[in-house]
C-alpha cells in the first residue's frame, strides 16, 4: 500500500495550525529524481534519492560540489518541483498541490536561510524581519512585536534599527535567520549558512542555529561544507551522484 494520504482542499488558514504530529518522521523523500537539460544534454542531478527527516532533528547534508545538495534543499522547500518521486510532509504529497496552494504551504511551513542572505540593505534589521509578516498581511503591530522578539532571541537587541548594510557579516546572517523564523515555520532549511563568514562569526551562527533548534523544536536541514558544523548536528547524510549513500547518526 502507498504511504501517501489523499489530500483534502487546503487554504492558507490551514497552514497556520499546530506542528505536533504522532509520526516521528516529518518529511519522507521517496525515489526522488531531478533532471535538467543544458545545451541539449540531459543532466540527472538527483537519482532515486530516499531519505527520512525526523521531526525536531538537525540534519546535515554534505557532499562534493555538484552532487545535488542545493537542489535537494530547494525541492524540500518546494521552491522547485522534482522530475519524479515523492516528497511527503506529514504523509501528504505536497507536489500534488497547485502553485497557489504550494506557495501558501511554503510561506507557512518553511523558513529559508541562504549563504548570501538576500537582505534589503537600505532597510534596517527590524524592517527586514517584518517583511514576511507584512507580505502575509498580518497586523503591523503584531508583525513588529514578533520581529523584535526574534531579533532579541538571536542576539541583536542593540541592532534593531541599524541598517543591515552597516552590520557585520555574522550579524547580517543572524538577521537572515530571524527573517526565516518570522512566520514560525516547522522546518528551517539552510544552504551554507556559515560559508561566507569568518571562523568566529561562523561558530556564533552555528551555536545560534543549534540553540534555536532546541528552543523552538525546529526541524533543521543544513547543507554545508563546514565539517565542524556537520559534526555538531544530529545526523549527516552524504550525497554522491545525487543519491544518499551514507547516513550517519542513525
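Which residues, counting only those in segment 61-87, are assigned to a loop (DSSP other than H, G, I, E, B) and under 15 Å from the mean Cα position of the chain (by Cα)? Spell out the reasoning first.
We begin by selecting, within segment 61-87, every residue assigned to a loop (DSSP other than H, G, I, E, B); these are 63-68, 77-83.
Listed by number, the residues that qualify are 77, 78, 79, 80.
State whether the residues of segment 3-15 include one that is modelled with pLDDT of 85 or more and either within 17 Å of residue 77 (Cβ to Cβ) or not in a strand (DSSP E or B) (or both).
Within segment 3-15 (the criterion being modelled with pLDDT of 85 or more and either within 17 Å of residue 77 (Cβ to Cβ) or not in a strand (DSSP E or B) (or both)), the answer is no, since none of the residues qualifies.
List every residue pair whose Cβ atoms sit under 6 Å apart, with the two residues 6 or more apart in sequence or on different chains, where the first one lies in segment 220-234 and is within 11 Å of residue 194 (Cβ to Cβ) and the second, anywhere, is assigned to a loop (DSSP other than H, G, I, E, B) and modelled with pLDDT of 90 or more.
230/224
I'd like the full set of residues that are under 18 Å from residue 54 (Cβ atoms) and crowded, with 20+ Cβ neighbours inside 10 Å, limited to segment 192-223.
209, 212, 218, 219, 220, 221, 222, 223 - these are the residues of segment 192-223 that are under 18 Å from residue 54 (Cβ atoms) and crowded, with 20+ Cβ neighbours inside 10 Å.
Could you say which residue among 163, 179 is surrounded by fewer than 20 Cβ atoms within 10 Å (Cβ to Cβ) and in contact with a helix residue (DSSP H, G or I) (Cβ under 9 Å, 6 or more places away or on another chain)? I'd like the intermediate steps shown before the answer.
Details: 179 fails: surrounded by fewer than 20 Cβ atoms within 10 Å (Cβ to Cβ).
Of the residues listed, the single one that is surrounded by fewer than 20 Cβ atoms within 10 Å (Cβ to Cβ) and in contact with a helix residue (DSSP H, G or I) (Cβ under 9 Å, 6 or more places away or on another chain) is 163.
Output the number of residues of segment 113-127 satisfying the condition of being touching a helix residue (DSSP H, G or I) at 6+ places or on another chain (Cβ under 8 Å), within 23 Å of residue 222 (Cβ to Cβ) and loosely packed, with under 13 Cβ neighbours inside 10 Å.
Counting residues in segment 113-127 that are touching a helix residue (DSSP H, G or I) at 6+ places or on another chain (Cβ under 8 Å), within 23 Å of residue 222 (Cβ to Cβ) and loosely packed, with under 13 Cβ neighbours inside 10 Å gives 1.
Can you find, within segment 90-112, the residue that is surrounded by the most Cβ atoms within 10 Å (Cβ to Cβ) among those that are touching a helix residue (DSSP H, G or I) at 6+ places or on another chain (Cβ under 7 Å) and under 16 Å from residue 183 (Cβ atoms)?
Step by step, filter segment 90-112, then rank; the result is 111.
So, in segment 128-144, exactly how many residues are assigned to a helix (DSSP H, G or I) and either touching a residue at least 40 places away in the same chain (Cβ under 8 Å) or exposed (fewer than 13 other Cβ atoms within 10 Å of the Cβ) (or both)?
10
The values are calculated or read from the model by the stated rules, or taken from the named source; none is laboratory data. Not measured: the values here are computed from a predicted model. As a convention, Cβ positions derive from the backbone with ideal geometry for all residues, glycine included, and neighbour counts pool all protein chains shown.
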